[in-house]
Amino acid sequence: MAEDLTILHSDRTMPHRAYWEHAALELIYLEDSYVFGIEECAGELVFEMEFVLREEHPLYEPPKPSDQYCFRKGRLVFRDVKEVKWLERRDVGSWDATGQRDFGNIDALHQDDHGWFQLEGDWGKVDVRAEGVEVRF
């Protein structure tokens, strides 16, 4: 497989890994998962989420008749954050049928070889230098 290139946190082009190449994210489908909030706190950048689980995920259950996917609420946590650079930040969102504010999806999440993660969605674009990323249910 050819190595993809992207621009991260500067004008340099660097090799990167797609989110599904991370053990914590390989059984989650981010493009149809929902962001309900974003919080920066004590060494962490946290995305409150409703994740779409792939069938191979240990918490997967068949979707409800009204749903296309198996959804599970949780948090996408960037831990031991060293630096956060907001390239764009948008306060967009809509309200779902339950009254929960929805900021859209994470359309892209990549990591370079220097500990930088780049995320993008309707809510904005951010570069995060962190030790790692994990999913907490």
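The values are calculated or read from the model by the stated rules, or taken from the named source; none is laboratory data. Because the structure is a prediction, the values reported are computed rather than measured. Here the Cβ is made from the backbone with ideal geometry for all residues, glycine too, and neighbour counts use every protein chain on show. Calculation scope for accessible area: heavy atoms of the full protein, side chains included, ligands and nucleic acids excluded. Shrake-Rupley method; radii C 1.70, N 1.55, O 1.52, S 1.80 Å.
Within the stretch 108-125, the only residue that satisfies the criterion of being out of contact with any Phe, Trp or Tyr (no Cβ under 8 Å at 6 or more places or on another chain), open to solvent by less than 50 Å² (accessible area, probe 1.4 Å) and assigned to a loop (DSSP other than H, G, I, E, B) is 115.
One residue alone among 61, 21, 39, 31 is open to solvent by 20 Å² or more (accessible area, probe 1.4 Å), closer than 19 Å to residue 122 by Cβ and without any contact (Cβ under 8 Å) to a residue 24 or more places away in the chain, and that residue is 39. Scanning the stretch 45-58 for residues that are open to solvent by 50 Å² or more (accessible area, probe 1.4 Å) and either under 23 Å from residue 104 (Cβ atoms) or outside any loop (DSSP other than H, G, I, E, B) (or both) gives 48, 54. Counting only residues that are open to solvent by less than 30 Å² (accessible area, probe 1.4 Å) and in a strand (DSSP E or B), the stretch 79-107 holds 2 of them.
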